[in-house]
Amino acid sequence: MRASALCLGKYGIRVNCVSPSGVLTPLPLKFLREVNGFTSLSEHEFQDLNDSKNVLIGHSLSTLDVAQSILYLASNDASFVSGHNLVIDGGLSITCSQPSLATTIRICEIERDELAN
């Protein structure tokens, strides 16, 4: 993306990208349920797990957040922004190393099973 911004800038073309963290859509739910075997994972549990990793408390990342970020980068308000990766992750990327969502789900399942026994 940055190389493209360098090459295309001389033509007045801005190149940016967005990097959202987990957004509740059918695709990640399907992936976690079918590929990773979390067949009992509900939408609410997925959102709770995602939210538990955020630094920004009180708000869940939505598709609207991502769309508004893209609209900003495409707008005249960002007319001098190029070569930028807009990270939309509630502060996750500024924290120390965090376990993946799949690891977090496994830990929760193990704890739930231990409590049930």
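What spacing in nm lies between the two simple spin-label points modelled at ASP51 and ARG2, each 7 Å away from Cα in the Cβ direction?
3.5
Between ARG106 and VAL87, 0.36 nm times their residue separation minus their Cα-Cα distance comes to what?
4.2 nm
At 222 nm, what value in deg cm²/dmol follows for the chain if DSSP H runs of at least 4 each add -39500 (n - 2.57) and the sum is divided by all its residues, to the nearest 500?
Per the formula, -12500 deg cm²/dmol.
Where does the stretch 2-116 land on Rg(C-alpha)/(2.2 N^0.38 Å)?
So the stretch 2-116 has a normalised radius of gyration of 1.33.
Which angle between 0 and 90 degrees, to the nearest 10, do you get for helix 101-116 versus the longest principal axis of the chain when only C-alpha atoms count?
So the helix axis and the longest Cα principal axis differ by about 20 degrees.
Over the stretch 2-116, what is the relative contact order in whole percent, taking alpha-carbon pairs under 8 Å and six or more residues apart?
38
Efficiency by 1/(1 + (r/R0)^6): what FRET value for LYS10 and THR39, r their Cβ-Cβ distance, R0 = 41 Å, to the nearest 0.05?
The value I calculate is 0.20.
Every number here is computed from the coordinates shown, using simple stated rules; none is lab data. Given the structure is predicted, the values throughout are model-derived calculations rather than measurements. Here Cβ is always computed from backbone atoms with ideal geometry, including for glycine, and neighbour counts include all displayed protein chains.
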